[in-house]
């Protein structure tokens with residue numbers, strides 16, 4: 001008890017020093033707790049976002065891996081590269097992979113194209129300039145999908161069905177979903193029939209293939225005010241079944257099913273990805289050529305700014321903790337030097353050295369505990385204000401970088417994967433909540449700093465000998 | 001039941017020490033050498049010092065500056081260890097007893113500067129010492145007041161910071177602190193060095209009373225003739241060797 005009593009007497013006898021120490025701890029604890037609150041808010045937001053979006057893995061041919069493997073051979077004409085059968089994803093195999101316990105739903109996309117024919121005209125937002133050759137791009141873009149609702153553009157909401165029914169595994173082969181602009185241009189409604197010309201690809205004229213409009217959807221992708229080839233016009237995107245897409249191409253489905261360009265698997269949990277990868281490999285899908293990647297683009301869009309804010313907060317927590325430990329260690333070391341005489345007196349009386357350190361620790365821990373209590377309301381306000389400011393800056397930076405990206409639709413024309421327009425706005429509000437766990441964490445941090453700051457310079461106390469301090473040594 | 005130490009302040013020195021008994025504190029062939037730059041063997045401050053200090057007697061150690069008086073007192077008080085030889089308390093080697101336990105239970109040192117804890121008042125200084133030494137007194141605070149009263153510290157001064165006390169008052173508080181621990185050996189290093197003549201006389205009387213009436217073994221290092229004259233034996237240190245005068 002004497003140790004505690006002396007600590008109390010010391011703290012009350014030097015109120016200025018006590019206030020300084022408490023104030024320093026208050027600053028450290030407030031910053032640490034603020035960082036902790038921002039991190040907690042970010043974690044909660046990330047968990048909510050994950051729940052909202054789910055975990056979706058995509059599989060497609062990795063062209064670079066195919067090139068490195070040497071399986072992507074020349075076609076002999078010197079004009080390009082041929083994707084042979086062993087580099088083709090087949091729908092039958094993907095259907096089998098869809099039965100994996102790790103999967104809750106899946107779809108895939110078969111790329112195709114169609115010519116206007118019969119009564120179907122292409123949608124044009126702007127007429128081509130006089131004399132322009134439009135023959136190279138005047139096509140409909142046709143995607144055969146197993147489950148339209150599971151495709152990224154529909155899943156994320158950048159395309160929405162406004163009439164009819166989505167395409168599913170049981171949908172008839174001749175059903176199409178047409179974009180609202182194409183439907184209006186041709187006076188189409190759900191249940192109407194229309195004709196799309198096939199593209200044999202061998203220079204021969206295509207055959208008209210009849211389809212039934214099963215649904216009309218609207219896309220957020222806007223038409224350009226100047227002329228673009230029809231295939232780059234978002235209004236000319238048509239969805240049908242994989243078999244329907246096969247009816248328009250020269251190479252229809254084989255015994256192994258249609259050639260798939262991209263498959264998406266909705267997982268039970270992001271951690272189920274490894275299980276799905278193992279199942280894919282077991283089915284003979286080379287993980288190098290057909291990698292499964294967690295499609296976390298939407299997750300990133302949602303949580304990117306708040307995660308970066310949390311990263312800054314985490315860095316702040318560490319920097320402040322380490323700086324606090326260093327500063328307090330120096331202060332305690334200085335204090336021990338100043339109190340050398342006092343320590344010598346106590347040692348001469350027979351006080352145990354660990355108790356001398358204990359008295360210091362009690363003094364500093366008492367300051368720390370008062371500071372922790374005071375930092376609770378302060379850090380809540382600081383986390384809300386500073387975290388909100390940081391997050392707003394990150395959201396703005398995120399929007400700026402997103403605005404600098406390729407425009408929707410053009411990436412697809414260049415051969416890239418389909419890029420759904422970001423549906424989810426980034427999280428731009430911090431839900432700062434103070435929980436007992438947060439207070440416990442900062443209390444532990446404060447006491448940890450107090451212990452470290454006492455024990456680090458404490459070796460000096462253990463080396464003290466009262467005679468050296470209290471006598472002149474003759 | 002609490003015990004109290006009775007301190008008398010004799011005006012004369014007609015009180016007699018008890019008859020010689022077995023030494024309470026004994027130095028046997030004690031030597032102390034400090035490291036010294038340029039000297040491989042170091043600087044020998046004490047050489048083969050042997051002497052026994054008895055309970056109930058006041059001993060004075062005199063000698064020129066640098067003769068090793070403070071070093072001898074440090075070894076006797078358990079503040080330091082000898083390089084050679086042994087220091088024994090009731091026949092037991094301090095190295096085996098442990099210096100810190102020896103200081104806690106058996107020996108107290110009063111320094112030339114009082115060496116009080118400056119953030120405490122006189123009462124707190126005394127009670128802190130009692131708590132450190134594990135004094136079993138129940139009413140420590142009352143005992144501290146009793147001791148301070150006997151040593152002439154006025155009640156109004158006992159709650160003040162020790163920094164506000166005079167040198168003589170501080171020295172009295174230091175003695176009260178030493179007495180509070182019920183130690184057997186009281187060592188004092190130049191206890192009157194900073195004091196005026198009247199206060200010094202009071203302190204000398206107190207120390208003598210502690211030896212003769214309190215049964216303590218009192219050892220005082222001093223330059224003061226008055227202190228030497230008041231002591232039961234005077235030992236002279238010269239070039240690290242002890243001789244009775």
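The values are calculated or read from the model by the stated rules, or taken from the named source; none is laboratory data. Note that the coordinates shown come from a computational prediction; the quantities given were computed from them, not determined experimentally. We place every Cβ from the backbone using ideal geometry, glycine too, and count neighbours over all the protein chains shown.
The table below gives the values:
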item: Residue in segment B:81-119 that is nearest to the other protein chains (Cβ to nearest Cβ), counting only those that are assigned to a loop (DSSP other than H, G, I, E, B), surrounded by fewer than 21 Cβ atoms within 10 Å (Cβ to Cβ) and free of Cβ contacts under 8 Å to residues at least 60 places away in the same chain; result: B:119
item: Residue ID - farthest from residue A:315 (Cα to Cα), chosen from residues in segment A:47-82 that are surrounded by 16 or more Cβ atoms within 10 Å (Cβ to Cβ) and modelled with pLDDT under 75; result: A:72
item: Residue among B:141, B:158 that is in contact with a helix residue (DSSP H, G or I) (Cβ under 8 Å, 6 or more places away or on another chain), surrounded by fewer than 23 Cβ atoms within 10 Å (Cβ to Cβ) and at pLDDT 90 or above; result: B:158
item: Exclusive hit being in a helix (DSSP H, G or I) and modelled with pLDDT under 75, set A:395, A:370, A:376; result: A:395
item: Test result for residue A:321, more than 14 Å from chain B (Cβ to nearest Cβ) and assigned to a helix (DSSP H, G or I); result: yes
item: Residues being in contact (Cβ under 8 Å) with a residue 40 or more places away in the chain and part of a loop (DSSP other than H, G, I, E, B) - total across segment B:136-192; result: 13
item: From A:99, A:194, A:171, A:134, residue being assigned to a loop (DSSP other than H, G, I, E, B) and in contact with a helix residue (DSSP H, G or I) (Cβ under 8 Å, 6 or more places away or on another chain); result: A:134
item: Among (1) free of Cβ contacts under 8 Å to residues at least 24 places away in the same chain; (2) within 14 Å of another protein chain (Cβ to nearest Cβ); (3) assigned to a helix (DSSP H, G or I), the one test that residue B:34 misses; result: (3)
item: Number of the condition not met by residue B:221 [criteria: (1) farther than 21 Å from residue B:102 by Cβ; (2) within 14 Å of chain A (Cβ to nearest Cβ); (3) crowded, with 24+ Cβ neighbours inside 10 Å]; result: (1)
item: Enumeration of residues in segment B:52-80 that are more than 14 Å from every other protein chain (Cβ to nearest Cβ) and on the phi > 0 side of the Ramachandran plot; result: B:56
item: Failed criterion for residue A:335 (all others in (1) within 14 Å of chain B (Cβ to nearest Cβ); (2) touching a strand residue (DSSP E or B) at 6+ places or on another chain (Cβ under 9 Å); (3) modelled with pLDDT under 80 hold); result: (2)
item: Set A:6, A:44: member being touching a residue at least 40 places away in the same chain (Cβ under 8 Å), in a helix (DSSP H, G or I), within 14 Å of chain B (Cβ to nearest Cβ) and out of contact with any strand residue (DSSP E or B) (no Cβ under 8 Å at 6 or more places or on another chain); result: A:6
item: Boolean, residue A:215 is crowded, with 17+ Cβ neighbours inside 10 Å and assigned to a loop (DSSP other than H, G, I, E, B); result: no
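So that you can scan it fast, the table gives a plain yes or no per residue for (1) modelled with pLDDT of 75 or more; (2) more than 24 Å from residue A:378 (Cα to Cα):
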| position | (1), (2) |
| --- | --- |
| A:426 | no, yes |
| A:430 | no, no |
| A:437 | yes, no |
| A:446 | yes, no |
| A:454 | yes, yes |
| A:461 | no, yes |
| A:471 | no, yes |
